[in-house]
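J.: One structure, pasted below without further comment.
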Amino acid sequence: SNIRIIGMGGSILGAEAIFDFLNHKIKKNFFFENNLKTNLSNSKNNHKFLNIIISKSGNTLETISNANILIKKKDENIFITENKNSYLSNLAKKLKSDIIDHNNFIGGRYSVLSEVGMLPAELMGLDEKKFKQLDNLIKNKNFVNLLVSNVSNTLNLIKEGKSSSIILNYDESSENLFKWYQQLIAESLGKKSKGILPIIS
């Protein structure tokens, strides 16, 4: 009943956004450790945790640090990482933990519909199939037209030298959704000095 997800950036923000939107349906206790300000109070109590440790490379320093601080002998652990030699895969083997191979062609920040987001969703008691109804979006011509128009407008603004995108958030429950969006846009599309800088206000 106590589940702790340990990761950084896109490997954890998608699951956290799901939790924030649907926590009224979730009966278990979820804790998200996604920065170096680890919540040690959770680890000092007598609760047994299921830790889900997520890092595509298996060598993310912040994830390694938090895993080493938080994992206790009484805990159960599941590691989600690429099937290759890495610090976290070696730690998982040492702890005799379950390892879920993360496909190397799915970037960590794009992975919410893979095991990275769907395992936490299932543990939240949610139906992962309901997250994958993409056919309904594709059949919605209004949605597709708006998507094409939005991408076209963004590309035109970039060509004109406008590179900042300000997103005004009036809903506290959307905070992690926008943090995830910001990370997707800034880091994933901003490689090689390209893309836009999303600012959440």
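The values are calculated or read from the model by the stated rules, or taken from the named source; none is laboratory data. None of the values given here were measured: they were computed from a predicted structure. Positions of Cβ are backbone-derived with ideal geometry, glycine not excepted, and every protein chain shown enters the neighbour counts. For the accessible areas, the whole protein counts, side chains as well, though only heavy atoms, and no ligand, DNA or RNA atoms are used. Shrake-Rupley method; radii C 1.70, N 1.55, O 1.52, S 1.80 Å.
J.: What number of residues in the range 113-160 are surrounded by fewer than 10 Cβ atoms within 10 Å (Cβ to Cβ) and aromatic (Phe, Trp, Tyr)?
T.: 0
J.: For the range 69-78, which residues satisfy the criterion of being at pLDDT below 95 and open to solvent by 80 Å² or more (accessible area, probe 1.4 Å)?
T.: Answer for the range 69-78, where residues must be at pLDDT below 95 and open to solvent by 80 Å² or more (accessible area, probe 1.4 Å): Lys73, Lys74.
J.: Among the candidates Thr38, Thr63, single out the residue that is surrounded by 22 or more Cβ atoms within 10 Å (Cβ to Cβ), polar (S, T, N, Q) and either touching a helix residue (DSSP H, G or I) at 6+ places or on another chain (Cβ under 8 Å) or modelled with pLDDT under 90 (or both).
T.: Thr63
J.: Please go through the range 159-201 and give me each residue that is part of a helix (DSSP H, G or I), in contact with a Gly (Cβ under 8 Å, 6 or more places away or on another chain) and either modelled with pLDDT under 80 or of a type in the set (A, V, I, L, M, F, W, C) (or both), ordered by number.
T.: The answer is Trp180, Leu184, Ile185, Ala186, Glu187, Ser188.
J.: Something else about it: Count, please, the residues in the range 1-12 that happen to be open to solvent by 20 Å² or more (accessible area, probe 1.4 Å), among the hydrophobic types (A, V, I, L, M, F, W, C) and either within 22 Å of His47 (Cβ to Cβ) or not in a loop (DSSP other than H, G, I, E, B) (or both).
T.: So the count comes out to 0.
J.: Before we move on, is Lys129 more than 28 Å from Phe49 (Cα to Cα) and either charged (D, E, K, R) or in a strand (DSSP E or B) (or both)?
T.: For Lys129, the condition - more than 28 Å from Phe49 (Cα to Cα) and either charged (D, E, K, R) or in a strand (DSSP E or B) (or both) - is not met.
J.: Restricting to the range 167-201, give me the number of residues that are exposed (fewer than 11 other Cβ atoms within 10 Å of the Cβ) and either farther than 20 Å from Gly10 by Cα or polar (S, T, N, Q) (or both).
T.: Summing the residues that are exposed (fewer than 11 other Cβ atoms within 10 Å of the Cβ) and either farther than 20 Å from Gly10 by Cα or polar (S, T, N, Q) (or both) in the range 167-201 gives 5.
J.: Might you check whether a residue that is among the acidic types (Asp, Glu) and more than 20 Å from the chain's Cα centre (by Cα) occurs anywhere in the range 64-85? Give the derivation first.
T.: From the range 64-85, those among the acidic types (Asp, Glu) are 75-76, 82; that's our starting set.
Keeping just the survivors that are more than 20 Å from the chain's Cα centre (by Cα) gives 75-76.
Yes, the range 64-85 contains at least one residue that is among the acidic types (Asp, Glu) and more than 20 Å from the chain's Cα centre (by Cα).
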